[in-house]
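Please read the structure below before turning to the comments.
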Amino acid sequence: MGISVCIASGKDGVGKSVVAANLAIVLSSLGVETLIVDGDIEGASVGLILGVDPGGLTIHDCLSGKADPKKAVIEASGTKAVIGAIGIEQLVGASLENFPSILEDFTGAFDIVLVDSQGGLGDNTVTVIGSCQALLLVLTPDIGSVTNGLKILAVAKKLGTTVLGALINRSGSPYDIPADKIADLMRLDVIGELPEDETVKRALFEGVPVSVGYPDSPFSKEIRSVADKLIGRT
Amino acid sequence: MSTILVVDDEEDIRFVLGQMLKREGYEVLSAGSGEEALEMLKKTRPDLILLDVMMPGLDGWETCARIRSQEETKDITVAMLTAKTSDEDKIRALESSGANWHISKPIDRAKLIDTVRWLLESPPRRHGHGKDGVEKGGDS
């Protein structure tokens, strides 16, 4: 039985899905049986980040009962993934009611199931956090992201979801809140500081995951370090 | 030399904090209540306020809100220094009360000094500008 880890952020736009997708790729490359599931059913983006052509089965098909979840697992960029639909007709009215049981099936078949959740604290996010055993908080080093991150931590604690730590994304500005201050305020480990890195945007533009297209970029190196820490290699 | 105003109803804490901060070369002022702090702010402008939350009379939340509501004091850097350390308390400090940061009691001397240094070296956050922007936007 593996572990399900929600990748969460207190607000959209912090780079959570890019972090989640690349972390899945790197964990897979290290020999960990990893699945990434797009749990952001209103704004799915894992497929785009992994460079998957749309048209196959999605988490939306699983949630609506139209597809067997195991058949929706695809291989992409060296990892396994269940991506979300991007068609408006599938997004409207999508529900996560069946998500906990689907996730349990996946957790039985993989070492780690990363679930990219919706940003913020809407009902969908709360359902995903409550369905997962553990949570990784992605935030940017600014006061808004930190404050909203505290709200995610409060919800995770109430739901009994273990908080593994925080990943600070887009760091490197002199006006960043320092990582040690964030760790101290939030009382959690900062597992990684992912730098602001133009190759991330370039990779998104090119439709290739940054850790695949640019493995020597500062972001890719740090995501490997994060993966090492998560599986206890460092 | 930066000036720090310590606001706490407990005299022992004011004394200990004062000693710690003076040793680092800061000028320290102290107030035993929110009311006293607001009165002091009419005459003096510290670079940083370390503000306790649980005080009789005006508590730290309300004191901070009043500091933010006055043109002369709204941009002073305020850190809540408190034993109220739940996530909800921290959110309240940073969001509703408008504090710049939250420091948990009991005090860890090294962390406190490091945080004070960081807050004083950071540019002050400007408060109360969003409201004007919205009103102007609505008029146009």
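If the condition is being within 18 Å of A:ILE143 (Cα to Cα) and polar (S, T, N, Q), then region A:172-221 contributes only A:SER173.
Counting only helices (runs of 4 or more DSSP H) that sit completely within region B:22-96, those holding 2 or more residues that are without any contact (Cβ under 8 Å) to a residue 60 or more places away in the chain and away from chain A (no Cβ under 14 Å) correspond to B:34-40, B:60-69. Total residues in region A:1-28 satisfying the condition of being touching a residue at least 60 places away in the same chain (Cβ under 8 Å), out of contact with any helix residue (DSSP H, G or I) (no Cβ under 8 Å at 6 or more places or on another chain) and under 15 Å from A:ALA81 (Cβ atoms): the figure is 2. A:ASP228 fulfils the conditions (1) within 14 Å of chain B (Cβ to nearest Cβ); (2) assigned to a helix (DSSP H, G or I); (3) of a type in the set (D, E, K, R) except for a single criterion, (1). Specify the residue that is nearest to B:MET20 (Cα to Cα); the eligible residues are those in region B:97-106 that are in contact with a helix residue (DSSP H, G or I) (Cβ under 7 Å, 6 or more places away or on another chain) and more than 9 Å from chain A (Cβ to nearest Cβ). If we take residues in region B:97-106 being in contact with a helix residue (DSSP H, G or I) (Cβ under 7 Å, 6 or more places away or on another chain) and more than 9 Å from chain A (Cβ to nearest Cβ), then B:ALA99 is nearest to B:MET20 (Cα to Cα).
For region A:155-180, what are the residues that are in a helix (DSSP H, G or I) and open to solvent by 10 Å² or more (accessible area, probe 1.4 Å)?
A:VAL155, A:LYS157, A:LYS158, A:LEU159, A:ALA179, A:ASP180
Considered as a group, the residues in region A:16-35 that are more than 21 Å from A:GLU193 (Cα to Cα) and not hydroxyl-bearing (Ser, Thr, Tyr) include one that is least open to solvent (accessible area, probe 1.4 Å), and that residue is A:LEU35.
Selection of region A:87-110 for residues being buried (at least 16 other Cβ atoms within 10 Å of the Cβ) and either touching a helix residue (DSSP H, G or I) at 6+ places or on another chain (Cβ under 9 Å) or part of a helix (DSSP H, G or I) (or both) yields A:GLN90, A:ALA94, A:LEU96, A:PHE99, A:ILE102, A:LEU103, A:PHE106, A:THR107. B:ILE4 meets all of the listed conditions (1) within 28 Å of A:LEU188 (Cα to Cα); (2) crowded, with 17+ Cβ neighbours inside 10 Å but one, namely (1).
What do you reckon, is A:PHE205 surrounded by 15 or more Cβ atoms within 10 Å (Cβ to Cβ) and farther than 30 Å from B:LEU112 by Cβ? Here the answer is no, as A:PHE205 does not meet what is asked.
In region A:1-56, which residue that is of a type in the set (Gly, Ala, Ser) and assigned to a helix (DSSP H, G or I) is farthest from A:ARG224 (Cα to Cα)? Taking the candidates together, the pick is A:GLY47.
Within region A:151-203, the residues that satisfy the criterion of being within 14 Å of chain B (Cβ to nearest Cβ) and farther than 24 Å from B:SER122 by Cβ are A:ILE152, A:ALA154, A:VAL155, A:ALA156, A:LYS157, A:LYS158, A:LEU159, A:THR161, A:VAL163. Among all residues of region B:80-87, there is none that is over 21 Å from A:TYR175 (Cβ atoms), of a type in the set (S, T, N, Q) and in contact with a Leu (Cβ under 6 Å, 6 or more places away or on another chain).
Does A:ASP142 qualify as being at pLDDT 95 or above, open to solvent by less than 10 Å² (accessible area, probe 1.4 Å) and either closer than 22 Å to A:GLY192 by Cβ or within 14 Å of another protein chain (Cβ to nearest Cβ) (or both)? When the stated conditions are applied, A:ASP142 does not pass them.
The values are calculated or read from the model by the stated rules, or taken from the named source; none is laboratory data. Computed from a predicted model, the values in this text were never measured in an experiment. Using ideal geometry, Cβ is built from the backbone for each residue, glycine included, and neighbour counts are taken over all protein chains shown. Accessible surface areas use protein heavy atoms only, side chains included; no ligands, DNA or RNA. Shrake-Rupley method; radii C 1.70, N 1.55, O 1.52, S 1.80 Å.
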